[in-house]
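Taking it in order: structure first as structure tokens, then the write-up.
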Amino acid sequence: MSLGPKRPTFKPTPYGYTRRSRGIPRWLMLLITGVVLGAGGVLFLQRSYGPQRLTVEQSEQLRSDLNTSNMESQRLSIESEKIKAEIKQARQDQQEQKTRAEQARKQTADMEAGLESLIQAIPPDPRGTSPGIRGADMVARDAGVDYRILLIQDLPEGQSAVPALRGRIKLIAQGSYPNGNAGYVDLAEQPLDMGRYIVIDGRADLPNKSFRPRQVTIQIMGEGSDKVIATRTFHVTAGR
């Protein structure tokens, strides 16, 4: 029993094609997925372990700190050069001072040698004491006596220096009054502290202006003693 006309059955041929709906290939999906996951991993690592990005304020602060650091570095460099120059100048000054000191020592040695020769040329104290009262000037002027005294200690045998001598020096004037009476007057007394030699000068006012000094006796006593260890008398000259 026939129900209707028969339709021809479609059979594809080798030279024809059928139209199908085409989707995204699987390999492309895998590639895109891998790229997305890789980029995400990189971002994650950068945020978690990489250097942090700076904000605008942080960048400005960093730039300001860098400028400050550069300025400080320049300042320290200038100060370093200044200190180097000062050290160089100080070394030059030190060398100059050393040279001057050597010259001064040489001059001092020459002066001491000359002075020693001069001391040897001065006539000794007639009494032969040490210290010796080698010379003195006594000048009467304006109701007083101006004096200058040279004391010298002898060098011990084989020595180039003498021990310090401490004690007292005393001046006693011998003269007369207008009525013709003779008298003695204590003029001055002062501490004595000497080495090889010493020059003592000063002025002593007369306790009585009418007294006319003719001679002055110099006495030297040791420290803590009234024993006279050296003495000598000099005439007084009238001053102008």
According to a simple spin-label model (label point 7 Å from Cα along Cα-to-Cβ), what is the distance in nm between Glu189 and Ala164?
2.3 nm
Tell me the per residue accessible area of region 68-140 using a 1.4 Å probe; a whole number in Å² is fine.
79 Å²
Quick one: Cα centre-to-centre distance for region 80-108 and region 189-205, in angstrom?
39 Å
Please compute the length gained on full extension between Thr231 and Arg75, using 0.36 nm multiplied by the number of residues separating them and subtracting their Cα-Cα distance.
48.8 nm
May I ask you to list the residues of region 106-131 whose amide nitrogen lies under 14 Å from a point 7 Å from Cα along the Cα→beta-carbon direction of Asp154?
120, 123-131
What distance in nm separates the simple spin-label points at Ser210 and Gln103, each placed 7 Å from Cα in the Cβ direction?
6.2 nm
State in Å² the accessible area per residue of region 162-216; use a 1.4 Å probe, count heavy atoms of protein chains only, and round to the nearest integer.
57 Å²
Portion, in percent, of the accessible area of region 69-216 that falls on carbon or sulfur, probe 1.4 Å
50 percent
Region 90-174: which GluC sites (Glu not before Pro) are DSSP loop and have at most 11 other beta-carbon atoms within 10 angstrom?
Glu157
Hey, for a label at Arg240 modelled as a point 7 Å past Cα toward Cβ, could you say which residues of region 137-155 have their backbone N under 20 Å away?
137-148
Within 13 Å, Cβ to Cβ, of Ser80, how many net charges do the neighbouring residues add up to if Lys/Arg are +1 and Asp/Glu are -1?
0
Linear extension gain, Thr68 paired with Asp110, 0.36 nm per residue minus alpha-carbon span:
8.9 nm
If you plug each phi of region 178-195 into the Karplus form 6.51 cos²θ - 1.76 cosθ + 1.60 with θ = phi - 60°, what whole-Hz ³J(HN,Hα) values come out, in order, with x for Gly and Pro?
x, 7, x, 5, 7, x, 10, 9, 6, 8, 7, 8, 8, x, 10, 9, 9, x
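The values are calculated or read from the model by the stated rules, or taken from the named source; none is laboratory data. Predicted model, so just to flag it, every value in this text is computed and none were measured. FYI the Cβ positions are ideal-geometry reconstructions off the backbone, even for glycines, and counts take in every protein chain you see. Just the protein is used for accessible areas: all its heavy atoms, side chains included, with ligands, DNA and RNA removed. Shrake-Rupley method; radii C 1.70, N 1.55, O 1.52, S 1.80 Å.
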